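Only the coordinates and a few stated rules stand behind these numbers; no lab work does. Bear in mind that the values here come from a model prediction, so they are computed numbers and not experimental data. No Cβ is skipped: glycine too gets one built from the backbone with ideal geometry, and neighbour counts run over all protein chains shown.
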Amino acid sequence: MAAISAGLEDVVAATTALSDVDGERGELIIGGFPVGELAAEATFEETTWLLWHGELPSRQMLDGFRATLAAARALPESTQGLLRECAHRRIDTMDALRIGAGTISLEGDSPHAIIARLPTIVAAYWRMRQGREPLAPRPDLDHAANYLYMLSGTVPDAERVRGLETYLNTVIDHGLNASTFTARVIVSTGSDLVSAVVGAIGALKGPLHGGAPGPALNMVFEIGDAARAEPVLRAKIERGEKLMGFGHRVYKVRDPRADVLAAAAERMFTRAGDMTLYRLARIVEGTALRLLEEYKPGRRLQTNVEFYTALLLHGLELDVELFTPTFAISRVSGWIAHALEQQRANRIIRPQSVYSGPRHRTWMPVSQR
């Protein structure tokens, strides 16, 4: 009998030049750069170009890329009508994103259009859900700034844009995870980019992949005061509850993305002039790590990306329901990069399975069953 790897764990299915995840050392390399160096400095457009082309763009290339994305942001009336129907039915934002993303095929499957329109879909749907009219994208704003503008109607300041861009760069790619693998499987059949992205959105929607940044923030709010951190967390562990924002399937030490987003959150909250929530989160984090080591020694349950994702996105005044769609707005650049990489040296992804069902059955007509 062939060896079986449940969930394809430890199976190497592809080579990639896009990102490298080292869980034992707590390192993430994106396009050759340590995530901490790239995420805090690059614009989202620069990081996307890096993944798609293998090198950082020149000023002329970057300006052209920005202009191309800006020209592709607007949604056709048919997409807006579909989103209105979704809003009328009050469906989940990730479902609306999946439905809206499929309509990009109406005008082809350009990777630029996919990247450009996902933020417009999310922002338009979110405003419709609130009973407000969607805002047209502004060509004078870059990708991250335009997303915040389309959500709120206010042009964001530089610190808010930097905070969002750092987040988008941090989560843009992360090895052969479930949604990325889904995208590669779909394009390996010869299918199109829109189909690959829609499939990847469906995979990301699952809570085992999309994560739980919302509950991680809720835990901080539940504690509310630094003096309550230890008794509340100790009670959760003793009840067998999972502490949200801690532990990762891949990282056996601290998730490097957590450090990047912690620094981004600290900068943003400092500039905003209110460090109360940030300080509480740091106390909760420190207490949680100490108690996890006490109760579960050797498990190496460290802070993961969800903990500071929640803090940063909350600081940007995003509703919890927007956390995973905002993740998708970033990760779509990585999905497309993997799809293009798969297409360049394609072989259909077709693993085997081991049959475990019955044999030697005899057919019996329905009248005799």
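For 143, 112, which order do you get if you count the other beta carbons within 10 Å of each Cβ and list the fewest first?
Lowest to highest Cβ neighbour count: 112, 143.
Which one, 141, 354, 14, is farthest towards the positive end of the dipole of the chain when Lys and Arg carry +1 and Asp and Glu -1 on their Cβ?
354
Would the range 213-315 count as rounded, prolate or oblate if I go by the C-alpha gyration tensor, calling it rounded below 1.5 in a/c and otherwise prolate when a/b exceeds b/c, oblate otherwise?
Judged from the Cα gyration tensor, the range 213-315 comes out oblate (a/c at least 1.5, b/c at or above a/b).
Given +1 on the Cβ of Lys and Arg, -1 on the Cβ of Asp and Glu, and no further charges, what dipole in debye does the chain carry about its Cα centre, rounded to the nearest 20?
1300 debye
Compare the Cα positions of 38, 104, 64 along the charge dipole of the range 20-115 (+1 at Cβ of Lys, Arg; -1 at Cβ of Asp, Glu; about the Cα centre) and return the one farthest towards the positive end.
In the range 20-115, that residue is 104.
Which lysines, if any, have their Cα less than 18 Å from the Cα of residue 296, not counting same-chain residues under 8 positions apart?
Partners within reach: 236, 242, 252.
Looking at the square roots a ≥ b ≥ c of the eigenvalues of the Cα gyration tensor of the range 59-141, which shape do they give, rounded for a/c under 1.5, prolate if a/b is larger than b/c, or oblate?
It comes out prolate by the Cα gyration axes.
Using a Gaussian network model on the chain with a 10 Å cutoff between Cα atoms, which of 256, 76, 111 fluctuates the most?
The residue that fluctuates most here is 76.
List, in order, the whole-Hz ³J(HN,Hα) value for each residue of the range 272-279 obtained from phi through the Karplus relation with A = 6.51, B = -1.76, C = 1.60 and θ = phi - 60°; use x for Gly and Pro.
Once rounded to whole Hz, the list reads 6, x, 9, 9, 4, 5, 4, 5.
Across the range 91-96, in residue order, what do the Karplus-derived ³J(HN,Hα) couplings come to in whole Hz, using 6.51 cos²θ - 1.76 cosθ + 1.60 with θ = phi - 60° and x for Gly and Pro?
6, 4, 4, 5, 5, 5
Less than 15 Å Cβ to Cβ from residue 150, Lys/Arg counted +1 and Asp/Glu -1: what total charge do the surrounding residues give?
That sum, taken over residues with Cβ under 15 Å, equals +2.
Specify whether the C-alpha gyration tensor of the range 308-369 places it in the rounded, prolate or oblate class, a ≥ b ≥ c being the square roots of the eigenvalues: rounded for a/c under 1.5, otherwise prolate if a/b is larger than b/c and oblate if not. Don't skip to the end; give the middle numbers.
On the way: a/c = 4.36, a/b = 1.93, b/c = 2.26.
Verdict is oblate for the range 308-369.
Quick check on the chain: helices-only [θ] at 222 nm, where DSSP H runs of length 4 and up contribute -39,500 (n - 2.57) each and the sum goes over total residues. Nearest 500, please. Walk me through the numbers on the way to the answer.
Working: 17 runs with 212 residues, N = 369.
-18000 deg cm²/dmol, from helical runs alone.
Place a point 7 Å from the Cα of residue 191 along the Cα-to-Cβ direction; which residues of the range 166-185 have their backbone N under 16 Å from it?
Zone members listed by number: 178-185.
Once you keep just the Cα pairs under 8 angstrom separated by 6 or more residues, what percentage relative contact order results for the chain? Please list the in-between numbers first.
Values: 502 pairs, mean separation 85.9, N = 369.
Relative contact order for the chain comes out at 23 percent.
Can you give the local net charge around residue 199? Use residues other than it whose beta-carbon is closer than 15 angstrom to its beta-carbon, Lys and Arg +1, Asp and Glu -1.
Around residue 199, the surrounding residues sum to +1.
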